[in-house]
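The values are calculated or read from the model by the stated rules, or taken from the named source; none is laboratory data. All figures in this text were calculated on a predicted structure; none of them were measured in a lab. Ideal geometry is used to build each Cβ from the backbone, glycine not excepted, and the neighbour counts take in all protein chains shown. Just the protein is used for accessible areas: all its heavy atoms, side chains included, with ligands, DNA and RNA removed. Shrake-Rupley method; radii C 1.70, N 1.55, O 1.52, S 1.80 Å.
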Amino acid sequence: MSEAPRRPFYAEFAWAFDLLIDRPVEKECRVMAAWLVGRKILPGAGLLDAGCGTGRYSRELARRGYIVHGVDLSPELIEVAKGMVGDRTGGVSFAVADILVPTTARYDAIVCRGVLNDIIDDDRRDAVFAAFARTLRPHGALILDVREWDASAERKAREPLFRKRVSTDRGELTYTSVTELDAERRLLLISERHELVGQRDERVSDFQFVMRCWDREELSVLFARHGFGNIQYFGAYDHGVELGATDRLVAVAQLSGNPDKP
């Protein structure tokens, strides 16, 4: 059986991920850390960065005193993450792993940014929350963000085209994506292109994939089903941004105590 095609963002262009997707990592991690401290999960606690990508959030949370293990399904992204820390691990480690498979280790908190949009079917969505619950210690916290359907659909209907060009040591790289909507199934149908033009390397990679958005009700059902409570919702990693103000849905939840878990 042939291997399924892999998204170039996570494979041949993993080296350019942070160049194309610019995020206020320090600011967002400061808010995450405040949420964790507010739930009595203090620096020195063990965190799992589920779907860590290039590890930039893992590194920043480790800099803030947490012991962070980042996992991602992409070997190329993990290679980038490991390369960024080199021999100076400083409380952060990385490995290739599937977030749908519970780890043998237990953690005080899990951070999961963005990757849940890639899980399309209901059974797998349920399975990932089950895996999170089994991976957390009693009273462990889960911080996640997903695309909220209504706001994402409105934004993509208005602005279906995204393009960004960056200069790299390998040449000029242009990333383009065009999004169509499947409103009945709450899907984003995305066609993307990476185009690299350099003195020694010229190539174009096209790829099509699907994201399924979320809403607060679906998250609330899965939180309750798997023993999470004390839930807060935001529109960003910012206490002042209310749900609905952006196309993101950020949630913070806490697992109930379970004496059977180590």
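Test Gly227 against the criterion of being of a type outside the set (Val, Ile, Thr), at positive phi and open to solvent by less than 60 Å² (accessible area, probe 1.4 Å), and give yes or no. Yes; evaluated as a whole, the condition is true for this residue.
Only one of the listed residues (Ile78, Ile99) is within 14 Å of the chain's Cα centre (by Cα) and more than 20 Å from Arg137 (Cα to Cα). That residue is Ile78.
Would you check which residues across segment 1-56 are assigned to a helix (DSSP H, G or I), open to solvent by less than 20 Å² (accessible area, probe 1.4 Å) and closer than 14 Å to Ala109 by Cα and list them?
The answer is Cys29, Met32, Ala33, Trp35, Leu36.
Only one entry in Ala50, Ala4 is free of Cβ contacts under 8 Å to residues at least 12 places away in the same chain and within 26 Å of Ala131 (Cα to Cα), namely Ala4.
Look at Val178 and say whether it is of a type in the set (A, V, I, L, M), exposed (fewer than 15 other Cβ atoms within 10 Å of the Cβ) and in a strand (DSSP E or B).
Working: of a type in the set (A, V, I, L, M): yes; exposed (fewer than 15 other Cβ atoms within 10 Å of the Cβ): no; in a strand (DSSP E or B): yes.
Answer is no for this residue.
So, Glu60, is that one open to solvent by 40 Å² or more (accessible area, probe 1.4 Å) and among the charged types (D, E, K, R) or not?
Details: open to solvent by 40 Å² or more (accessible area, probe 1.4 Å): no; among the charged types (D, E, K, R): yes.
So Glu60 fails the test.
For segment 148-158, the criterion of being assigned to a strand (DSSP E or B) and either touching a strand residue (DSSP E or B) at 6+ places or on another chain (Cβ under 9 Å) or open to solvent by less than 40 Å² (accessible area, probe 1.4 Å) (or both) is satisfied by at least one residue.
For Gly65, the test of being touching a helix residue (DSSP H, G or I) at 6+ places or on another chain (Cβ under 9 Å) and part of a loop (DSSP other than H, G, I, E, B) is passed.
For Asp108, indicate whether it is touching a helix residue (DSSP H, G or I) at 6+ places or on another chain (Cβ under 9 Å), of a type outside the set (Phe, Trp, Tyr) and either open to solvent by 20 Å² or more (accessible area, probe 1.4 Å) or not in a helix (DSSP H, G or I) (or both). For Asp108, the condition - touching a helix residue (DSSP H, G or I) at 6+ places or on another chain (Cβ under 9 Å), of a type outside the set (Phe, Trp, Tyr) and either open to solvent by 20 Å² or more (accessible area, probe 1.4 Å) or not in a helix (DSSP H, G or I) (or both) - is met.
How many of the residues making up segment 181-207 are surrounded by 12 or more Cβ atoms within 10 Å (Cβ to Cβ) and in a strand (DSSP E or B)?
Of all residues in segment 181-207, those surrounded by 12 or more Cβ atoms within 10 Å (Cβ to Cβ) come to 181-182, 186-198, 203, 205, 207.
With the extra rule that they be in a strand (DSSP E or B), the set shrinks to 181-182, 187-197, 203, 205, 207.
So the answer is 16.
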